[in-house]
Structure formats: C-alpha cells, structure tokens
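One structure below.
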Amino acid sequence: MILSGPEILSETMAGRIHIDDFDPERIEPNSYGFRLAEDILEYEDGIIDCFEPPKAEHAKMGPEGMVLEPGRFYLGGTMEAMGSPHYAATLYACRSASTLGIWIQFSAPLGHSGAVFPWTLEMKVAHPVRVYPGMLIGKLAFWSMQGEANGYVGKYTGSRSAVASRLSLDHHGTD
Ligand SMILES: O=c1ccn([C@H]2C[C@H](O)[C@@H](COP(=O)(O)OP(=O)(O)OP(=O)(O)O)O2)c(=O)[nH]1
C-alpha cells in the first residue's frame, strides 16, 4: 500500500523514513516533494560502452540556473537524501515540471528499502528550459512491503549526489 502524507510525516518523525533535509510543508497527499540539487552531469559525446566507466562532465548550477537543451541527456540529483529501511519508494516528476516538458525519470523508478541517499534523476527536456537549484521537481512515494527485505546494499550505497552509471562494475568488479 502507498503511504499517505500524514503517515510519511509520522514515520519520518519516528525515524523510520529518512528525508534530509525534511520540510513538513513538502508533504503531499501520497508523497514527499523533492528539489533539484545544483549538480548536473552530462556524458561526454561519443559511444558509451556499458562495460567501461562512462566519462561525464560535471556542472554546478548557480542561482542563475542552467538551460537544458532538447536532444541531450542529463543526470540531476535530489537535494534531499531520501529512503527507508522499512519501505520501498518510487520516484515521479511533479506535474508542474512535467507539463513544462521536463522529464526526470524514464525507466528506473524503484527505490529499494535500505537505499538512503540523494537520488539520481534521468533528465531530458522537450524544448530549451532553464532549471534552477532548489526548485521543486518531483515526488517520492513510499510503499509498505509484504515480507522482509534484506535492504539495499549495492553499487550506489553511500552516494552523496547525482552519480553516473556504475554498470561497468558488474563487468569489472571495480571502478
Ligand atoms: O532513478 C533512480 C532509480 C533509483 N535510484 C536509487 C534508488 C535505488 O534503490 C538505487 C539503486 O537502483 P537499482 O537497484 O535500480 O540500481 P542497479 O543498477 O540495479 O544497481 P545495484 O546493482 O546496486 O542494485 O538507486 C536513483 O537514484 N534513481
């Protein structure tokens, strides 16, 4: 079952959901609204080899924001570290950003229980759009689980901001 806003609030207060930093004002009926962090990654042009670590350029947005261009693919991050050992989570754009032609998620919406860190966003835009650090951009929903989960320990454990794909670790075992 999806958690209601009041349940997200009480579970956060009880320390069973981690949202840092947490603002009760951003509790929504069935989700928590998160903000775009200042870091934007973009893969270098050329062929990406899934078995090799990808090369990415890193930009830090200032208060003036950054214009995202259509036809490019960006990785953004959430300002908040979010997750829970007790709940699974799913990530969505907020309608207001989505209806401006900003996509923040395509095919990896699931957050495992135990994954607690800033989320990485898969970003594309339909037309040039200026985005700003700190703007509300999406929402995270929490789901109760049937059965016990071991909890996520994986390639992204300990992330502190947006991170490029670590798929190559499955092949090489190291970065
Ligand atoms: O768009 C997303 C989707 C998920 N996550 C977080 C939450 C999730 O629990 C974690 C790992 O995701 P996933 O399990 O899909 O990654 P993987 O590529 O399968 O790596 P691993 O082998 O570490 O599970 O990353 C994001 O930051 N952004």
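Since every read-out is calculated from the coordinates, none of them should be taken as a lab result. Here the structure is a predicted model, which means the values were calculated and not measured. Note: ideal-geometry Cβ built from the backbone for every residue, glycine included; neighbour counts use all protein chains shown.
A Förster radius of 30 Å combined with the Cβ-Cβ distance from F106 to S10 puts the calculated FRET efficiency at roughly 0.40. At 7 Å along the Cα-to-beta-carbon direction for both T90 and F73, put a label point, then send me their distance in nm to one decimal. For T90 paired with F73, the spin-label model returns 2.3 nm.
The distance separating the Cα centre of the range 1-76 from that of the range 101-175 comes to 7 Å.
The convex hull of the Cα atoms of the chain, projected and averaged over all directions, covers 10.6 nm².
A cut-off of 5 Å between modelled amide H atoms, ignoring neighbours fewer than 5 places along the same chain, links M79 with R35, L36, A37. Backbone phi angles across the range 146-159, fed through the Karplus curve with coefficients 6.51, -1.76 and 1.60 (θ = phi - 60°), yield HN-Hα couplings of 9, x, 8, 10, 5, x, 5, 9, x, 5, 10, 4, x, 4 Hz in residue order; Gly and Pro are listed as x.
Over every Cα atom in the range 19-111, the radius of gyration and the widest Cα-Cα span, Dmax, amount to 15.2, 43 Å. If R0 is taken as 45 Å, the Cβ-Cβ distance between Q146 and D49 corresponds to a FRET efficiency of 0.70.
Per-residue Karplus couplings for the range 15-25, computed as 6.51 cos²θ - 1.76 cosθ + 1.60 with θ equal to phi - 60°, are listed in order as x, 8, 10, 10, 9, 9, 8, 10, 10, x, 5 Hz, Gly and Pro entered as x. For the range 52-137, GluC sites (Glu not before Pro) are listed when DSSP marks them as loop and at most 10 other Cβ atoms sit within 10 Å of their Cβ; the list is E64.
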